[in-house]
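Input: a single structure, listed below in structure tokens.
The values are calculated or read from the model by the stated rules, or taken from the named source; none is laboratory data. Note that the coordinates shown come from a computational prediction; the quantities given were computed from them, not determined experimentally. As a convention, Cβ positions derive from the backbone with ideal geometry for all residues, glycine included, and neighbour counts pool all protein chains shown. Quick note on the areas: whole protein, heavy atoms, side chains included, nothing else; ligands and nucleic acids left out. Shrake-Rupley method; radii C 1.70, N 1.55, O 1.52, S 1.80 Å.
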Amino acid sequence: MQDAMTEIKSLENDKKRIKLLHSLGKIPFEQSKKEIRILDSRLKVLMDSLPEKERSMLLFRKEYHSVHY
């Protein structure tokens, strides 16, 4: 389960990086949209693999911007 949490954090960081690169004009819109969709689908699969309690805690922390997830 710790591996899943680590990978979730990694995928979210990748999404932030892609959004930053797009805002700087380094990645075109279509490419960034495609990459974010791929990351979102991988995130959904990982979130579905977590137990309900862990998933709800992660979503709660994400919603309220807790630094320690």
Somewhere in the range 38-60, is a residue over 19 Å from Thr6 (Cα atoms), out of contact with any Leu (no Cβ under 7 Å at 6 or more places or on another chain) and part of a helix (DSSP H, G or I)? no
What's the number of the condition Gly25 fails, among (1) in a helix (DSSP H, G or I); (2) exposed (fewer than 10 other Cβ atoms within 10 Å of the Cβ)? (1)
Output for Cβ contacts, cut-off 9 Å, separation at least six or different chains, first residue among the charged types (D, E, K, R) in the range 1-25, second open to solvent by 40 Å² or more (accessible area, probe 1.4 Å), reads Glu7/Arg42; Lys9/Tyr69; Glu12/Lys62; Asp14/Glu35; Lys15/Glu35; Lys15/Asp40
Look at the range 35-51 and say how many of its residues are free of Cβ contacts under 8 Å to residues at least 24 places away in the same chain, in contact with a helix residue (DSSP H, G or I) (Cβ under 9 Å, 6 or more places away or on another chain) and closer than 17 Å to Lys62 by Cα. 1
For Arg61, the lone unmet condition from (1) touching a helix residue (DSSP H, G or I) at 6+ places or on another chain (Cβ under 9 Å); (2) surrounded by 12 or more Cβ atoms within 10 Å (Cβ to Cβ) is (1)
